[in-house]
């Protein structure tokens, strides 16, 4: 009996096919742009429905103690079931850096735009110190600029972040289903791993996580340009690189960039390795052009590093208690697929300056599922 088999009915009656959900038929769907965008929006709605409909916040300031200093208890909103002992602080990354640096920087930039003040004025006010980690001032990152253009505030930040998640999910689906010829279900599985790993959940709204969420846009633009080098694709790739290089947390940007370039070159070279000269030129010229476009940001920072700032020496003098071989075992626990926590051990010898041993990572389970 085939899929269109009819149910038994009395003689003379009209037979109709039995409605059934065919998972294989769903998996054979052609990954069109409309379908990928619909699936991306549906997945983000499923993961962040409490933010879209329930009034939950993605603003870092709302997660800090400043919200409860007035005596008002923070209201916990849950879209999906959660363990009873879980609090709003569990699984958070460096929430203080986001609450006291990133979001104030967005409001500071919004103030400058409203009153036509120079954004270069007093760069250390509410924006964090310059250093090898941030490289470029936090208020010039694309997330901060977009939020500031819409007036700043927690509500605007929440909206912009959700839109960013949808675009990242859409680009990842297009890369998996179109460029890598994976099925729609495999693309959805990749998106789930992308959003539900320990690093992503701990840094949904921090400056450290911004390069991670912009990486799919960068990869999609590079694959479009390397497949068909047109002026429009060149502009798209250049814009994605400018946004990516303007992010503020340099270590995450370097790691994400290595993955993006490795994936882009690997996909295109596997199709035709004889194009290696053209591919190498594309993957070299576009980032150089993007850095030149951002020279108004980078040149003053580099000039300060090589003249009056001694930030490099200060970072070299840092002590990081908790870094040991035994703590590498925490990289292989499945818990880190869903949330991150303090996996580092405190140093037995008290240090002059204390540093929290936060460790955020994918864990071994996430990469295995992705493979």
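Using a Förster radius of 41 Å, what is the FRET efficiency between residue 293 and residue 189 based on their Cβ-Cβ separation? Nearest 0.05, please. Walk me through the intermediate numbers first.
On the way: r = 36 Å, r/R0 = 0.88.
Computed FRET efficiency for residue 293 and residue 189 comes out at 0.70.
Label zone (residue 284, point 7 Å along Cα-to-C-beta; backbone nitrogen cut-off 13 Å) within the stretch 249-277: 276-277. Compared with the alpha-carbon gap, the fully stretched path from residue 272 to residue 32 is longer by 84.0 nm at 0.36 nm per residue. Across the stretch 145-189, the residues whose backbone nitrogen lies under 19 Å from the label position 7 Å along the beta-carbon direction of residue 111 are 145-157. Rounded to the nearest 0.05, what FRET efficiency do residue 46 and residue 180 give with R0 = 30 Å and r taken as the Cβ-Cβ distance? Could you check? The formula returns an efficiency of 0.80 here. When 118, 221 are arranged by Cβ crowding within 10 Å, least crowded first, meaning fewest neighbours, the order is 118, 221. Quotient of the Cα radius of gyration of the stretch 176-268 and 2.2 N^0.38 Å, N being its number of residues: 1.11.
Values in this text are rule-based calculations from the coordinates and carry no lab data. For clarity, every value in this text was computed on a predicted model and none was experimentally measured. Glycine gets a Cβ as well: all are built from the backbone with ideal geometry, and neighbour counts include every protein chain shown.
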